[in-house]
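Before any comments, here is the structure.
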Amino acid sequence: MDHRSKRRREEETGVLPLVSENGGFNGESGFGGIDLSLLEAVESSHNGGVEVLDLRAMKKLVLSFERRLRDNLETRMKYPEQPDKFADSEVELHEEIERLKILAGGPELYPELVALNTVPSIVDLLGHDNIDIAIDVVGLLMDLTDEDVLEDNDEPARILVDALIENNALELLVQNISRLSESDPDETAAIYNTLATVENMIEVKPAVAELVCERTKLLRWLLGRIKIREFDGNKQYASEILAILLQNSTANQKRLGQMNGVDGVLQAVAMYKSRDPKSSDEEEMLENLFDCLCCLLMPVENKERFIKSEGVELMIIIMKQKKSAYGSAIRALDFAMTKYPPACERFVDVLGLKTAFAAFMGKIPLSKKNKRESYQEELEERIISLIASLFAGITRGSRRERLLSKFVENECEKIDRLMELYSRYSDRVKNETERLNKLELDDLEMDEEEQYNRKLEAGLYTLQLIAVILGHLWSSEHQQMRGRIELLLRQQRLTKEDVKDVLLEYHDNIGDVDGPEDKERAQTRIQKFIAALSDL
């Protein structure tokens, strides 16, 4: 999944002053006069206009914040039922939190900030009775963890994020979301900023993606948020965060599946089965939702949930409606059917073959999006993978016959298309192989694994899948199909040996990610295809 740059609300630039209008240090009017050395350190240089933030200035900021915090807590405890008594201290605390944002200008000082034990005081305010104070803290945490701020400051960033985790920032951030109302613009913005803070923390420490799901109810909140029908910026961001949490975590994929998450994401996707998104942002959200769905379809138990929730049927409906989610539906079906025969069987049973082979023949809906060559190529490769999965998942019986019959109908037009694709991808891989050989002659070292990966990127994997499909067709011993394949090979100046070579390279590079038994089964199947193609 592609990583998209974060969306950020435009914030006013500029640094809040450390000195009040009357010349005293803000928050310390009761503690003496002006500290000229501090004033000198933080005032703008008349020549350069640059704000200076050093350790001493940071300590002053922190001290002022801690005093205002103490004053507020003491006043609230003394007059719990008299808000007018602590209202002024709340305003002053708000101002101090805003001033702390200047610390984002000096991320190299974060280790010292943590050493001063300020993080617990900041984080605890997420549970403050005054929700506006909690909102202030969310904004502060977002600024302190912003990826632009933390650039080239990896170690200080890690120290800050570790301190935030240790002081239960994840739990308190998510708990705070539950008391925010999206009918209020400030609280709506705070929800967005909360999600941004979580994303920032994941950027610094990827393990946060699983931690936040283990320790909080964020997954459940995100699932509920994407199911709301109306589109807005927070729904878009919720879909993005959900995709980030799922993309590299089997634990999160399984966790969301157990929350009925497959059905929830399908409900969110179903809103677009017969209509297109109205804006580019809404279109991006829909892509995020399909990213979530495809991630969810990695664990086998979620593939089963996909079938029970009629996900196969929904994807076929989306394809038939020929809306913008057409290609995404094919991608989801590809994920669902890979190494999972029940999904392949359901696909045939609900008459998906006609829809799939229409796409295979290049009959795809036209729009600005899919006119791009890269989009059409990706769709082509997905549908080839889907058909290869069908052949792997349906090995016998009437379903197998229905699948094979597709390659005979209309004078074997599907075989014509398959051989057209084989020729194109074969040429592409040959050109890449020649280019790599030339690089070796120029003394550019490249090991066999890197060469193989380069060829995969050039289309070798898709060529291998086409060869596998040809192996299935040839092994069916259907004379009309065999005759057509041999004729087209001759026309393209190719032989069965060429197909066998592709299959042999595929056989030799089958990995054991799914265990040695699966690898052996896959290799045995390819050996049978090679043997069948060797028959006279």
Legend entry - Crossing angle, helix 154-166 versus the chain [Cα axis fit, 0-90 degrees, rounded to tens]: 80
Legend entry - Relative intensity, log₁₀ I(q)/I(0), of the chain from a Debye sum that treats every alpha carbon as a point, q = 0.06 Å⁻¹: -0.43
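Using Cα pairs closer than 8 Å and at least 6 residues apart in sequence, work out the relative contact order for the range 413-535, in percent.
29
Which percent of the accessible area of the chain is formed by carbon and sulfur heavy atoms (probe 1.4 angstrom)?
47
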Inset, instruction - Return the distance in nm (one decimal) between the two label points of a simple spin-label model at K78 and K320, each offset 7 Å from Cα along Cα→Cβ. - result: 7.3
Inset, instruction - Return the calculated 222 nm mean residue ellipticity for the chain, to the nearest 500 deg cm²/dmol, obtained by summing -39500 (n - 2.57) across DSSP H runs with n ≥ 4 and dividing by the residue count. - result: -22000 deg cm²/dmol
Legend entry - Within straight-line cross-link reach of K60, lysines at Cα separation under 22 Å, skipping those fewer than 8 residues along the same chain: K101
Inset, instruction - Rank these residues by their accessible area, most exposed first, probe 1.4 Å: K320, K101. - result: K320, K101
Inset, instruction - Please go through the residue pairs K217/K323; K414/K528; K227/K322; K455/K519 and name each one whose alpha carbons sit more than 27 Å apart in this structure. - result: K217/K323
Inset, instruction - Read phi for every residue in the range 184-189 and hand back ³J(HN,Hα) as whole Hz from Karplus 6.51 cos²θ - 1.76 cosθ + 1.60, θ = phi - 60°, with x for Gly and Pro. - result: 9, x, 5, 6, 4, 5
Inset, instruction - Give the dimensionless ratio obtained when the Cα radius of gyration of the range 94-225 is divided by 2.2 N^0.38 Å. - result: 0.98
Inset, instruction - Kindly sort V52, V429, V149 by accessible area of their heavy atoms, largest first, with the probe set to 1.4 Å. - result: V52, V149, V429
Legend entry - Residue-normalised accessible area of the range 413-535, expressed per residue, 1.4 Å probe, Å²: 57
Legend entry - Cα-Cα P(r), the range 413-535, percent of pairs per 5 Å interval: 2, 10, 19, 21, 19, 14, 9, 4, 1, 0
Inset, instruction - Calculate the spin-label point distance for E520 paired with D186, positioning each point 7 Å from the Cα along the beta-carbon direction, and give it in nanometres. - result: 6.8
Legend entry - For the range 125-284, accessible area per residue (1.4 Å probe, heavy atoms of protein chains only), Å²: 40
Legend entry - Residue (of V269, L116, V198) at the positive-pole extreme of the chain, dipole from beta-carbon charges: V269
Legend entry - Anisotropy class of the range 236-290 from Cα gyration tensor, a/c 1.5 cut: oblate
Inset, instruction - Treat every Asp and Glu Cβ in the chain as -1 and every Lys and Arg Cβ as +1, leave all other atoms uncharged, and give the resulting dipole magnitude about the Cα centre to the nearest 20 debye. - result: 3780
Legend entry - Inter-site label distance for L494 and A531 at 7 Å from Cα along Cβ, in nm: 2.4
Inset, instruction - Go through Q253, A189, G352 and say which Cα lies farthest out towards the positive end of the charge dipole of the chain; charges sit on Cβ, +1 for Lys and Arg, -1 for Asp and Glu. - result: G352
Legend entry - Normalised contact order of the chain, rounded percent, pairs of Cα under 8 Å and 6 or more residues apart: 7
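The values are calculated or read from the model by the stated rules, or taken from the named source; none is laboratory data. Keep in mind that what you see is a predicted model, and the values were worked out from it rather than measured. Don't worry about glycine lacking a Cβ; one is built from the backbone with ideal geometry, like all the others, and counts go over all protein chains shown. Heads up: the accessible areas ignore ligands, DNA and RNA and are worked out on the full protein's heavy atoms, side chains in. Shrake-Rupley method; radii C 1.70, N 1.55, O 1.52, S 1.80 Å.
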